[in-house]
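A short worksheet on the structure shown next.
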Amino acid sequence: MNEDSARPQAAFAPTRQPSEGPGPLAGLRVIDLATLFAGPLAATLLGDFGAEVIKVEHPRKPDPSRGHGPAKNGVGLWWKLLGRNKRNITLDLSQPAGRDVLLRLAAEADVVIENFRPGTLERWGLGWEELSAANPRLVLARVTGFGQFGPYARRPGFGTLAEAMSGFAAITGEPDGPPTLPPFGLADSIAALSTAYAVMTALAGREHTGRGQVVDMAIIEPMLTVLGPQPLWYDQLGYVQRRTGNRSANNAPRNTYRTADGRWVAVSTSAQSIAERVMRLVGRPEVIEEEWFATGAGRAAHADELDEAVGSWIAAHSRDEVVAAFEKAEAAIAPIYDIRDVLADEQYRALGSITEVEDEELGTLRMQNVLFRLSRTPGSIRWAGRPHGADTDTVLTELGMSQAEIAALREEGVL
C-alpha cells in the first residue's frame, strides 16, 4: 500500500466492544477535577470499565484538551477520546457555593482525581482534611509534575518536563544529535496508567482498613520507572546510558531499514536464536560462528557490520517480500506504520483495537477501544466526550438540589 495514497474506509471493519452488563467497576463513582492529560486519562481508564465518572470543569474555562489538536465543526476531537464515558458538569470550585457542591459530590464518591498545583485545593477549603471529613472512605488521587512536597512541588509541571528530567530525552535521538522529546504525551500517558493502578490499589487497601487515603502521583516518577535499570547501572558501575539512535547497546541487529519500495521496517534480535535466524535469512550465516556473535553486547559492538548485511538485503526487496520472508524464517520484524496503516491492519482489526462510537455532535467516530479485554466482564465505550456542562442539571438534581437552587447557582456564576 502506497504511503501517499488514501486508505479507503471500507478497508477497515471495526469490531464493536461488547457492552452487555455494567462493567467490573460498576458502582464506583469517580470525580474528575483534572485537566491536561494524565489525571483525566486515568479517569477515562476507570470509566471504560464501568466506573461512573463525573467530569467537573470551570464554567468559563473548559478543559484545555477541548481545544488541543484538530477540530471538526468546531468540536475538538481529542476531547471526544479523553472525555468518553464521563458525565460533564460545570462548577467554580473557588467560590464558596462551588466548594459546598463539590463536598456534597465527594460525600457520595469513591475517588477524586485532581491535578492542581499543591495548595490550591487547600486554599479553596477542599484539601484532604475537608474531603476526608465529608467522606472517610474517599480516595484522593493528586497528579502533579513533581509531587506534593519537595523543592519543585509548586512548579508548573507538564509531561514534557518529565520526559526531560527522567532521563528519557537524554537517551533518545541520534548519537551526534540533540536530546529528543516524543511528539505526543508519553509521560502523561504513562502517569495516567500508573494513576489508575494506584487508585485501584488504594481502593483495595480500603477493603482492609475501611478508610480512604491520598495517592501522590508525581509525573516524573512513572517515567523514571519505565526507563529500567539506569540507576542501578550508574550506582554499581558508573555507567551512563548514551543516545544510540535506533540501535541498542544490548543487542544487534536492531534498527529500522528501508525496503526497495521506499517503505520502512523494524527488526529486533533480543533473543540469540532470532539473531541467528536473521543472519541466515540475509545470507550471512558465517558471522554466527564469530565469537563475538554469541552475546547481545558482542553483536552490538559489531552493529555496523550487521546493519550493513541486514540493510542491504532488505533494500533489495519490497516491504511485503521482507515481512513474508522474516515470518517464514520465524524472525522478528514489523512494518513501520502510520495511523492509516493501523486502521487497515488485520491484527488490529481482529483484536478490535479500533472501534466505532456514535456521537450526538459528530456522528460515527472511530477511536481506540478499551485498553484490554476481559473474558467475563468486558469494558465498553458508552459515549464519546460530551459537550461542556451537558450533564450539570442532571447530576445536581440527582444530588438532591432543586431547579431553583440550580438556577440560583447559575445566576451567581458558580455553574
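Quick notes on this structure:
- Theoretical FRET efficiency, 1/(1+(r/R0)^6), r = Cβ-Cβ of Ala316 and Leu181, R0 30 Å, to 0.05: 0.30
- Total charge dipole magnitude, the range 37-114, about the Cα centre, Cβ charges on Lys, Arg, Asp, Glu only, Debye to nearest 20: 400
- Glu356 long-range amide H proximity, modeled H, under 5 Å: Gln17
- Annotation: lysines with alpha-carbon distance below 16 angstrom to Lys80 (same-chain offsets under eight excluded): Lys55, Lys72.
- The range 321-383 - percent of accessible surface contributed by carbon and sulfur, probe 1.4 Å: 50
- Converting phi to 3J(HN,Hα) with the Karplus coefficients 6.51, -1.76 and 1.60 and the offset θ = phi - 60°, the range 164-169 yields 6, 7, 6, x, 4, 4 Hz in sequence order, with x at every glycine or proline.
- Cut-off 19 Å (backbone N to label point 7 Å along Cα→Cβ of Leu362), residues of the range 177-206: 184-185
- Estimated [θ] at 222 nm from DSSP helical runs (n ≥ 4, -39500 (n - 2.57)) normalised by residues in the chain, nearest 500: -10500 deg cm²/dmol
- With the simple model of a label 7 Å out from the Cα in the direction of the Cβ, Asp100 to Leu351 spans 5.0 nm.
- Under 5 Å, built H, 5+ apart or other chain: amide partners of Glu57: Ile89, Thr90, Leu91
- Solvent-accessible heavy-atom area per residue, rounded to whole Å², over the chain at 1.4 Å: 50
- Per residue, the convex hull spanned by the Cα atoms of the range 287-415 measures out at 255 cubic angstrom.
- Model label zone, Arg117; criterion: amide N under 17 Å from point 7 Å along Cα-to-beta-carbon; scope the range 221-238: none
- Take every Cα pair under 8 Å whose residues are at least 6 apart in sequence, average their separation, divide by the length of the chain, and the relative contact order is 22 percent.
- Over the chain, the Kirkwood radius and the radius of gyration, each from Cα atoms, give a ratio Rg/Rh of 1.04.
- Put simply, the amide H of Leu28, placed in the peptide plane, has neighbours under 5 Å in Glu52, leaving out anything fewer than 5 places away on its chain.
- Charging the Cβ of each Asp and Glu at -1 and of each Lys and Arg at +1, and nothing else, the dipole of the range 310-415 about its Cα centre rounds to 480 debye.
- Computed E for Ala325/Asp216 - FRET, C-beta separation, R0 51 angstrom, nearest 0.05: 0.50
- Charge dipole (the range 253-297, unit charges on Cβ, about Cα centre) - positive-most of Val287, Trp264, Ala275: Trp264
- Compared with the direct C-alpha span, the chain from Arg280 to Leu237 gains 11.9 nm at full extension, assuming 0.36 nm per residue.
The values are calculated or read from the model by the stated rules, or taken from the named source; none is laboratory data. A quick note: this is a predicted structure, and the numbers were derived from the prediction, not measured. Reconstructed Cβ throughout: ideal geometry from the backbone, glycine too, with neighbour counts over all protein chains shown. With ligands, DNA and RNA removed, areas are computed over all heavy atoms of the protein, side chains included. Shrake-Rupley method; radii C 1.70, N 1.55, O 1.52, S 1.80 Å.
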